[in-house]
Each structure stands twice: as structure tokens, then as C-alpha cells.
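Quick notes on the structure that follows.
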Amino acid sequence: MSESTARILALRAAGACFVLELAEPVPRVLHWGADLGDLPESGLEALALTGEPAILNNSIDIPRRFTIWPTEADGWLGTPAHAGHAAGTRAAPRPSLVGASHRPAAEGGELDVLLADPATGLDVTVTYRMEPSGVLTVHSTITRQQDAEPVPYDLAQVTTLLPLPRRAAEILDFTGKWSRERSPQRRPLGFGTYTREVRRGKPGLDSPYLVTAGVPGFGFREGEVWAVHVAWSGDQRYVVEQLPEGAGTHAAVLGGGELLPAGEIRLAPGDSYTTPVCHFAWSGEGLDGLGDRFHALLRSRPTHPRSPRPVILNSWEAVYFDHDLDRLLRLADTAAEVGVERFVLDDGWFRGRRSDNAGLGDWTVDPVVWPEGLTPLVDHVRSLGMEFGLWVEPEMVNLNSDLAREHPDWVLGPARGVGPSARHQHVLDLANPEAWDYLLGALDELVAKNGIACLKWDHNRELHEAVHGGVDRPVAHAQVLALYRLLDALKERHPALEIESCASGGGRIDLGILARTDRVWASDCIDPVERQTIQRWTAQLLPPELIGVHVGAGASHTTARISADSFRLATALFGHAGIEQDITRCTPEELARLAAWTALYRELRPLLHSGRTVRADLGGDATLLHGVVAHDRSAALYCWARVATSPEGQSGRVPLPGLYAAATYQVRVRTELGLPSFHQTSGPAWLPAALDGWLPLPGAVLAVAGLPMPNLNPDQALLLEVRRSD
Ligand code: GLA
């Protein structure tokens, strides 16, 4: 680490740029957005000169600045960097710069800015890291000074904020509910504060996920956008704020942090609080540009799963709680026949778990249903050449369990008694070291004894009244840290173990949990119509190989909609694929099609799990065109899907995103999954040739002029493969 001597520092990577001035008393951001190039000293100075705003009427008498640690001391009256007090005192922070260190890198680099604040008795280190992907990560550590008086400093809120320009005037974020996660919502950015607060003890089914502000009308392929994601698996807060006086020379701010429980973070001298990492990304190429950056970031992690993602069979929608060895052996046989590579036994295997109202917490195999333990099933699964995976929900407890009867004090909740159950369950107090040790021991033994390749880690209820200790001490923050420690400890003991973050399907998808898990279960809804949209938006942050996508029964268990095989199968190709239905009931034709699908997935997964995800802007939601294009643009797979009818008859020419206009390609329709049903008499003219085999077409036609696409009936999809031929 080198002490920084430069006054203005630029972190640049992959076309994104962040420039910070080590101004006194508090540094400020001069620029976050498009790369400004390798500016000479004079250029950086010019950026600083032009970084000073006007003094407005009826305002403070110096330029109102927006610093990296904004406080009222600068005249900043928006969301402050932090709020807190020491027993009702020290409530006017006045931090000032005491040092900085810069670790340059060929792409990006890292910068620590050190602030000290005698007024509050706090030291602050803010760390900016520009990743080679162009994602800027920011986190801060706040330390109560050693020589501060021994009154704890109550930290009420810490928010990481970066500036936005005036043109970022439209917000996109997400909401949702069970089986309808990551539903996008857009609104204009007005004056005032737009906040999204999550108090569910996990990001939730309505997680804001990625809050984006952009030039109005931004789409998948076009538009300038700025986005933030809070990498934290508990309560959180996102802010987009625009005051009439602006933010220094910027117009608005974007950021977030953990939503701190009142009274939990109390810093005695020497204590620290570290914020979650906020991931900021800018793109000049719309939402796909943002997605590219996050996918590159995740794929660059040393822990990113690199082995081929195995085809899964998950037992949930196949048998639910009806665990019967013979039935499951038959399910495993059929799974192996159609090409499944990992068999996952879902809920229902542990002591007393005959329905969802008992057993959680008792993590040993039920001796009644499984008199010989899981061994007969595990051995059989392995003998068929498949891996074995198991469902757990470690943070939860049913009051109807031996664990709750023996350790009622391990159940998280107030001294006056726990509140209402949800799905008949409560939450275990992970901050209780005995409860934590018990869980690690139980999980460790399960994994070791059964040679488990993968745990599906569920979390089916929210945290309410997250307090403990008989004195109602808040522990929502501690619960998340304890969860992270548990996952880390388990992975340390079993480095090959994979973990799936489930949480009712999609309720805990964030880059905090993903630092310790290997895929997410995107939604309990596997109705392909819903899944097209859920997967499209889950991919805004995660690359396909991290997103669990399963093919379910013809009649969806969550919506009762009946969909064609070919549509269900095509939809479940774009991610980490699996099957979730009782395939012992399938006809020979259905099994043959499933086998063709697993073969197609195996053939295409090297592309699907390494390429760039692209989504076309089609001006409506009735049809979707999405795909994955190899980084060198030599190959692609597209899915042309219709999820609803719409008034237009012709699609018009639709450019296939991501290809080189100057290259020559050939295209063909993949027919292994069956053809979609068409809402037209025939054509377009290119289609029969592409159904017969490879049809040569220039990149200019595919990528620029566009292909007229066939009109499909609703709930149908066509798979189009593209190969470069020159
Ligand atoms: C949650 C999960 C499902 C399934 C059930 C089991 O709802 O999201 O996939 O595992 O729990 O109880």
C-alpha cells in the first residue's frame, strides 16, 4: 500500500471511470461514469476546477459540496453518510481527511481514504475498488477511537452514496412476491428521496435487487445507466435522492447500505462496524451493459463454479413430503435414464418431517421413513453415476421439534414470547454460539456421512422481532454475520461442497450470499411464462450458470397453467438446468424429449455458461428475444418466445443482439425439443431453410437489418442457433 501523493486519482476499467479528489477537509467524487481517458494532470485539475458549484440564493455562503462522507457540516441536507450519537451527545459529525493510499492495477485499482472525526470520536476508512469488469465496489469501516470516552457510539445508519448527473432521470428497480420475483418497476426521478427499505431479515421476494437510474427510455441494449447493488443478505436500504440544490455539481445521488436495527451497532472504544459492499456500475450500453459487468465480476471470482453445471433432478414437485424409498429409487432410475447428473432430495427426509408443521431443527434422518438412513438412496444414486444433493433449512425451527423442546432459548424472539409463526416455523438464534455450534456439527456430519455434493439451503420465513437474550437485544445484523460464518465454516470443512441459496425461491439473492454459495433457486414458480420474465431479470445481476432453472410438469404447480413441453424445455435451458417433476409418470415420448433436452443442454452449456447474455428491446412484453453470445461472437443461441398474444401480426425485422455486422454467419433452428406452434400459415421465407439445416446469412442482415421472426402462439418458443462461418 502506498501513501497517495497525487491529489486527484482516477480508477478506470473496461470503459468506466471514477475520479476522486483528495480535497480538504473531505474528499469528493469528481466523476463516475464513462471513461474520460488517461487525463494528464492538467485535465484532472480542470475536472476539479469545474467540480465547484455555484452559490445559490438563500443558501449557505460557500459552495454547497457533496463529499464522500456527506454531513451537515458541508451544508449537505440530503441523506447523510452516517447518523448516530453517544448517549445523546456527539451528534454533529465533522470528519476530515487524514490520509489515503492507492493500490494501482493494470485495470482498475483500489483506494483507501482515511477520515478522522474528533467530534464523534470515530475514524472512518472508505475503500473504493474498481474491478477489471468496471464494477466499482465501495465499503467503509467505522471505528470508535481508542481514546474516546467509554460511552458507546450508537450507529443509527450508514449510507454509501455516489453522485448522478441530471440526465439520470428514470429509476428502475424490482419488487415481487412468492412465485413472481424480480418484477421490474419504473418511475421518473422527481425531487425528494426515493428509498427502498427491506426489513425481512433477507433481501426478500420483493428485493430491490439492483436499483438503476438512467437516461429516460433506457433499454436492454441502449441508454446510459448507473446502478447499485447492496451485497448483504439481511435488512437493507437503497436511496435515490434529488434535492433542488443538487449534490455539489452533480444533480442527485444513488446508494445504499444495511438498514441498521436501532441499538444493535454500539461502538465502544476500539470497536468497528464495516458496511456491506455496495456494488456500483455504470454502462453506456443499457441494461445488458450493466449485466455484462456484473457477470464478468462474478465469473472472475476464484470461487466461481467452473465445472460443467450438472443437470439436476430435484424431488420437491415430484414427491413433496411423500418420501418412500422405492418411489425415490424409481425416480432416480428414470432420472439417470434421461441424463440427470445430480439428484437432490428436497424437504421431508429428517426427523418428524411429514409435513411443513414439524421437524425443522432436527437434522438427522427420520428413522421411521428411512429405517436404513439415506444410504440406500445415496448409494443407488451414486451407482447410477449421479451426485447426491440434500435440502436443508438450517436457520429455521419448528416449535414442534426436539430441538425447540430442548432449547427453547435458541429460538429468536423477545422475552415476552415469540410472535406468530410463518409456515409453522420460527427462526433459530444464530448469534447464540451454542445454536451455531449445533448447526455446524449437524450439517458437517450430514455432508460427511452422505458424501453430499450440494446443499439446497432454504430460508422460508422472514425475521420478525429479531432480538434475543431475555432483554430483547437486537441481533438482525449479528444473525447475518453468523450465517456467513456458518457457510464459510462448512465450506472450509468441505471445499467441494456446493450450496444453493433458495429462500422460498428467489428470496435471498445478493452478492453477499453469493460470495459463499454456488447458485440460486430463482423462484418456486417454474411455469415457463412466468419464468421467462423471472429469469430475464434475475440475469440482470447473475450469469446463467448461477441461476437454477428447472422444467416442471405440463400443468404448473404454482399457476395451474398448462404449457407445451417444447416451451417448458426451451425456457429451462437458459441457466443451471434441472428437472422438477415426477418423471416416473412420463410417457416414453416425454422421456425421450427430456433425454434430448439434457443432451442439448450438455452440448450447449459451454456457451450458455460462459457467453454474454443479450436481451432485445422489442417495445412490449408479449414477445421476448434473449440469448447468449460467445465473447468472440463466433456462436450464439437465441430464444424467441411469445408469452402472450399481441395485436401485431408481423414482428418486423428483429436485429439479433451481440453479433458482428461484418462477419458471416449461418443459422439453424434447433428442433430437438419439438417445434413451437405457429400463429400463421407459413414462413417467414428464411425459416424452412433454417429448419432443414444451416442457412448462411451475413452479420449485417442478422445484427443490423434484422430477421423477421415467425408469429408464435402464446406460450411457445423457438430456439435459433448461430455460428460464424468466415
Ligand atoms: C421452499 C423452496 C421449495 C422447496 C420447499 C420445501 O418453498 O423454495 O423449492 O424446497 O421449500 O419445503
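Residues are listed down the side, and each one gets a yes or a no for (1) more than 16 Å from the ligand (Cβ to nearest atom); (2) within 28 Å of Glu492 (Cα to Cα):
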site: Glu387; (1), (2): yes, yes
site: Leu390; (1), (2): no, yes
site: Pro394; (1), (2): no, yes
site: Ser401; (1), (2): no, no
site: Pro414; (1), (2): yes, no
site: His424; (1), (2): no, no
site: Val427; (1), (2): no, yes
site: Ala435; (1), (2): yes, yes
site: Tyr438; (1), (2): yes, yes
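Residues of region 35-66 that are in contact (Cβ under 8 Å) with a residue 60 or more places away in the chain and among the polar types (S, T, N, Q): Thr50, Ser59. For region 355-381, the set of residues classified as of a type outside the set (Asp, Glu), surrounded by fewer than 22 Cβ atoms within 10 Å (Cβ to Cβ) and within 14 Å of the ligand (Cβ to nearest atom) consists of Ser355, Asn357, Ala358, listed by residue number. Taking residues in region 493-505 that are within 10 Å of Thr517 (Cβ to Cβ) and of a type outside the set (D, E, K, R), and partners anywhere that are more than 16 Å from the ligand (Cβ to nearest atom) and at pLDDT 95 or above, the pairs with Cβ atoms closer than 8 Å and at least 6 places apart or on different chains are Ile499/Leu487; Ile499/Leu490; Ile499/Lys491; Ile499/Arg516; Ile499/Asp518; Ser501/Leu514.
Within region 341-354, restricting attention to residues that are within 14 Å of the ligand (Cβ to nearest atom) and not in a loop (DSSP other than H, G, I, E, B), the residue that is nearest to Ala599 (Cα to Cα) is Val344.
Residues that are assigned by TED's automatic domain parsing to the domain that holds His626: which strands (runs of 3 or more DSSP E) entirely in region 176-222 hold 2 or more of them?
By residue number, no strands (runs of 3 or more DSSP E) qualify.
Residues being in a helix (DSSP H, G or I), farther than 20 Å from Gln716 by Cα and in contact with a Leu (Cβ under 8 Å, 6 or more places away or on another chain): count how many of those fall in region 566-603. So the count comes out to 2.
In region 611-622, the residues that are over 13 Å from Gln532 (Cβ atoms) form Cβ pairs under 8 Å with partners that are polar (S, T, N, Q) and assigned to a loop (DSSP other than H, G, I, E, B), at six or more places apart or across chains, as follows: Gly620/Ser646.
Residues checked against (1) surrounded by fewer than 24 Cβ atoms within 10 Å (Cβ to Cβ); (2) among the aromatic types (Phe, Trp, Tyr); (3) without any contact (Cβ under 8 Å) to a residue 12 or more places away in the chain; (4) outside the structural domain of Leu290 (by TED's automatic domain parsing):
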| site | (1), (2), (3), (4) |
| --- | --- |
| Gly548 | no, no, no, yes |
| Ala555 | yes, no, yes, yes |
| Ala560 | yes, no, yes, yes |
| Arg568 | no, no, no, yes |
| Gly575 | no, no, no, yes |
| Leu591 | yes, no, no, yes |
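Among residues that are crowded, with 23+ Cβ neighbours inside 10 Å and not in a loop (DSSP other than H, G, I, E, B), Arg508 is not included.
Scanning region 482-522 for residues that are of a type in the set (Gly, Ala, Ser) and touching a Gly at 6+ places or on another chain (Cβ under 8 Å) gives Gly506, Gly507, Ala522.
The sole residue among Gly674, Gly693 that is farther than 30 Å from Ala336 by Cα, surrounded by fewer than 18 Cβ atoms within 10 Å (Cβ to Cβ) and over 32 Å from the mean Cα position of the chain (by Cα) is Gly693.
For region 54-67, the criterion of a residue being closer than 29 Å to Ser133 by Cα, of a type in the set (Val, Ile, Thr) and surrounded by 12 or more Cβ atoms within 10 Å (Cβ to Cβ) is satisfied by at least one position. Within region 172-197, the set of residues being on the phi > 0 side of the Ramachandran plot and either more than 16 Å from the chain's Cα centre (by Cα) or not charged (D, E, K, R) (or both) comprises Gly176, Ser179, Gly192. If you go through region 294-336 and keep only what is within 16 Å of the ligand (Cβ to nearest atom) and in a helix (DSSP H, G or I), you end up with Trp316, Glu317, Ala318, Val319, Leu328, Leu331.
Condition check: in a loop (DSSP other than H, G, I, E, B), crowded, with 18+ Cβ neighbours inside 10 Å, among the aliphatic types (A, V, I, L, M) and modelled with pLDDT of 95 or more. Does Leu719 satisfy that? Considered against the rule, which asks whether it is in a loop (DSSP other than H, G, I, E, B), crowded, with 18+ Cβ neighbours inside 10 Å, among the aliphatic types (A, V, I, L, M) and modelled with pLDDT of 95 or more, Leu719 comes out as no.
Is it the case that some residue within region 336-348 is modelled with pLDDT of 95 or more and over 21 Å from Cys586 (Cβ atoms)? Yes. Is it true that Gln532 is crowded, with 22+ Cβ neighbours inside 10 Å, within 22 Å of Ser677 (Cβ to Cβ) and under 22 Å from the mean Cα position of the chain (by Cα)? Yes, satisfied. Checking the stated criteria, Glu241 turns out not to satisfy the condition of being outside the structural domain of Asp472 (by TED's automatic domain parsing), farther than 26 Å from Thr125 by Cα and surrounded by fewer than 23 Cβ atoms within 10 Å (Cβ to Cβ). Counting only residues that are surrounded by fewer than 23 Cβ atoms within 10 Å (Cβ to Cβ), small (Gly, Ala, Ser) and assigned to a strand (DSSP E or B), region 610-643 holds 1 of them.
The values are calculated or read from the model by the stated rules, or taken from the named source; none is laboratory data. Quick caveat, the model's predicted, so the values are computed rather than measured. A quick note on method: Cβ atoms are made from the backbone with ideal geometry, for glycine too, and the neighbour counts reach across all protein chains shown.
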